[in-house]
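Heads up: the structure comes next, in structure tokens.
Values quoted throughout were computed directly from the atomic coordinates according to the rules given, and no laboratory measurement underlies them. Source: prediction; values computed, not measured. Every residue, glycine as well, gets a Cβ built from its backbone with ideal geometry; the counts of neighbours run over all protein chains shown.
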Amino acid sequence: MANAILTHEEEMALRKPIDDHVGAIQAKIDALRVDGTDKVVALEGSIDDAKRDKILTKDERERAIAAYQKDLEKAKAVESQNKSQVDALIKEAVDYLSAHYDKDYLDAVKQACASEKVVAKQNYDKRLAELEKEHQANLAKLSDSAEIKDENYVYKNRRFDAKIEYEKALQLVKDRGHEAFTHRYHLIDMLRMSKFTFAENQAQRWENYKYTFDRRQFLLRNGLYIAILAVFIGLCVAAPIVKGTQLLTVNNVLNILQQASPRMFLALGVAGLILQTGTDLSIGRMVGMGMTASTIIMHQGINTGTVFGMTFDLTSVPVVGRIILALLVCIVLCVFFATIAGFFTAKFKMHWFISTMANMLIIFGLLTYATKGVSFGSIETAIPGMVIPKIGGFPTIILWAVAAIAIVWFIWNKTTFGKNMYAVGGNPEAAAVSGINVFWVMLGTFMLAGVLYGFGSWLECLRMTGSGSAAYGQGWETDAIAACVVGGVSFTGGIGKISGVTIGVLIFTALTYSLTILGVDTNLQFVFSGVIILLAVTLDCLKYIQKK
């Protein structure tokens with residue numbers, strides 16, 4: 001095994017013929033590029049510099065650019081003339097690498113690395129055995145409990161040091177193999193001037209992934225997803241056995257996406273608050289309020305229920321007008337109450353839990369008192385078909401959710417407000433020092449959440465064809481928050497992606513839907529949600545602790 005290990009000098013000796021052969025071809029290519037490609041690159045840079053040069057007058061700038069353009073045309077002509085020769089030389093070099101690099105060099109390095117790993121493990125085991133022998137000999141000489149305790153402590157530290165040395169040896173082996181792999185692409189990079197084929201790019205990405213892979217980090221980032229995926233696979237296996245039905249059908253997938261669509265708005269709204277280390281306990285009551293308002297406005301015929309003793313009859317208003325009015329009322333109500341919570345949180349540094357809990361109680365109390373807790377029945381039967389029709393069996397409500405994802409992604413990633421949200425979430429004190437108005441960013445985040453809650457409750461009313469009541473939406477805040485934390489939006493602040501929120505909503509909805517099909521009691525589903533939230537936040541805290 002030891003004979004398979006290469007010294008650095010032996011490894012360089014194996015690589016030298018390859019470097020020499022490709023280097024000779026590279027020299028020919030460089031000579032052909034001197035008056036062509038190299039000049040093109042240099043002249044294009046000079047033209048860009050001249051365009052940006054504020055010292056030159058307009059006439060001087062135009063004369064300089066004209067002269068560069070004239071030389072550029074000549075250089076491009078030389079480049080075009082030499083292109084076929086350069087391409088042929090590049091092909092010759094790449095073909096040579098394909099034929100010789102692995103066979104004459106890389107395979108030997110891989111074998112040497114494998115042998116080095118075995119030797120490193122043998123040395124580590126040998127060192128552990130020596131430490132154990134010394135430790136037992138030392139213990140045999142001791143009788144005092146304090147001295148034995150000290151000896152055990154020293155022994156533990158020595159074992160730890162041995163492990164560190166072993167890990168260093170493995171890292172050196174890993175570095176050696178990685179460097180040998182990437183050298184090929186360094187040569188190709190020089191030949192092609194940083195241009196790689198799709199296959200070459202993928203090979204480098206896979207190698208870099210393996211090189212930087214850390215099992216602990218991988219499990220911290222993806223452990224929950226793996227566990228949920230395993231549960232979902234188990235449910236898919238159990239469904240045909242327990243209920244005689246398949247979970248993974250087109251119809252079920254569309255149903256999951258349809259259910260997830262209104263919830264996507266709620267999760268996107270609360271995600272902005274979690275991004276700033278906050279939360280919102282009033283989401284469910286916002287949904288109930290929006291559902292009730294929408295049902296009253298779009299009700300089929302005269303409302304049978306009353307609001308503060310008043311009966312509403314909006315049947316004389318055109319259907320389209322009622323649809324738009326319902327949406328506006330939902331948004332205004334949700335933004336109004338979200339702004340109240342946001343004001344107290346941002347202005348008085350009130351904890352998000354308190355401000356949103358107060359909001360939750362106020363909304364529920366007012367709505368229940370105003371409506372006596374009754375359900376307002378169905379909306380006009382034609383309205384869902386006008387706003388969220390099914391086209392060929394495809395529920396277009398999904399497109400509303402896709403639009404919301406795209407818009408919120410743009411706000412988070414492409415606007416100053418979005419960048420300020422991340423800054424305030426990461427460190428509000430530093431954000432304030434840098435000139436960001438923390439109060440308005442926090443208040444704006446609440447208002448944006450209110451808009452999304454209003455849209456979500458309006459869509460839910462359309463999906464359920466009404467049935468608005470004060471009790472509707474109970475527990476939805478836990479689903480929205482859970483979707484965010486499962487999707488990687490960190491309660492430590494400043495960390496989160498829209499893609500993660502989207503995945504979190506889909507995962508949660510799919511699991512809830514699956515549990516419902518399997519007949520799992522709703523109360524047990526709450527337990528399931530709580531466990532997922534606990535695990536997700538625990539993993540998030542572990543990542544935060546590790547960074548600290």
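Annotations for the structure displayed:
- Taking 7 Å steps out from each Cα toward its Cβ at Gln136 and Asp95 produces label points 6.5 nm apart.
- Only Cα pairs under 8 Å and 6+ residues apart enter the sum, and on that basis the relative contact order of segment 2-213 stands at 26 percent.
- Set of lysines with alpha-carbon distance to Lys58 below 21 Å, sequence-local pairs under 8 removed: Lys70
- Legend: distances between Cα atoms for Lys121/Lys156; Lys121/Lys141; Lys16/Lys163; Lys103/Lys210; Lys133/Lys174; Lys110/Lys210; pairs beyond 25 Å are Lys121/Lys141; Lys16/Lys163; Lys133/Lys174.
- Take the Cα of Thr516, go 7 Å toward its beta carbon, and the backbone nitrogen atoms of segment 292-310 under 19 Å from that spot belong to 292.
- Cα centroid separation, segment 479-548 to segment 304-367 (Å): 27
- Estimated purely from DSSP H runs of n ≥ 4, each contributing -39500 (n - 2.57), the mean residue ellipticity at 222 nm for the chain is -27500 deg cm²/dmol once divided by its residues.
- Spacing of the two label points (7 Å from each Cα toward its C-beta) at Ala13 and Trp440, in nm: 7.2
- Spin-label model, Gln204 to Gln171: label points 7 Å out along the Cα-to-beta-carbon direction sit 2.5 nm apart.
- Relative to the longest principal axis of the Cα atoms of the chain, the long axis of helix 397-414 makes an angle of roughly 60 degrees.
- Under 5 Å from the amide H of Gly466 lie the amide H atoms of Ile379, each residue being 5 or more positions distant or on a separate chain, with H modelled from the backbone and absent for Pro and chain starts.
- Neighbour-count ranking [beta-carbon atoms within 10 angstrom, fewest first] of Thr465, Thr415: Thr415, Thr465
- Angle of helix 476-486 to the longest C-alpha principal axis of the chain, folded into 0 to 90 degrees and rounded to 10: 0°.
- Whole-number percent relative contact order across the chain, with pairs defined as alpha carbons under 8 Å at least 6 apart: 18
- In loop segments of segment 214-318 as defined by DSSP, the trypsin sites (Lys or Arg not before Pro) with at most 15 further C-beta atoms inside 10 Å of their C-beta are Lys243.
- Neighbour net charge for Lys141 - beta-carbon separation under 12 angstrom, K R +1, D E -1: -4
- When the Cα gyration tensor is reduced to axis lengths a ≥ b ≥ c, the ratio a/c is 1.5 or higher for segment 218-547, and with a/b not above b/c it is classed as oblate.
- The slack between Leu128 and Ala31, meaning 0.36 nm per residue of separation minus the straight C-alpha distance, is 29.1 nm.
- In plain terms, the chain is cut at each of the chymotrypsin sites (Phe, Trp or Tyr not before Pro) found in a DSSP loop with at most 11 other Cβ atoms within 10 Å, and the longest leftover piece is 309-548.
- Taking a straight Cα-Cα cut-off under 17 Å and skipping sequence neighbours fewer than 8 places away in the same chain, the lysines within cross-link reach of Lys76 are Lys39.
- Net lengthening on full extension, Asp144/Ala88 (0.36 nm per residue, minus Cα-Cα): 12.1 nm
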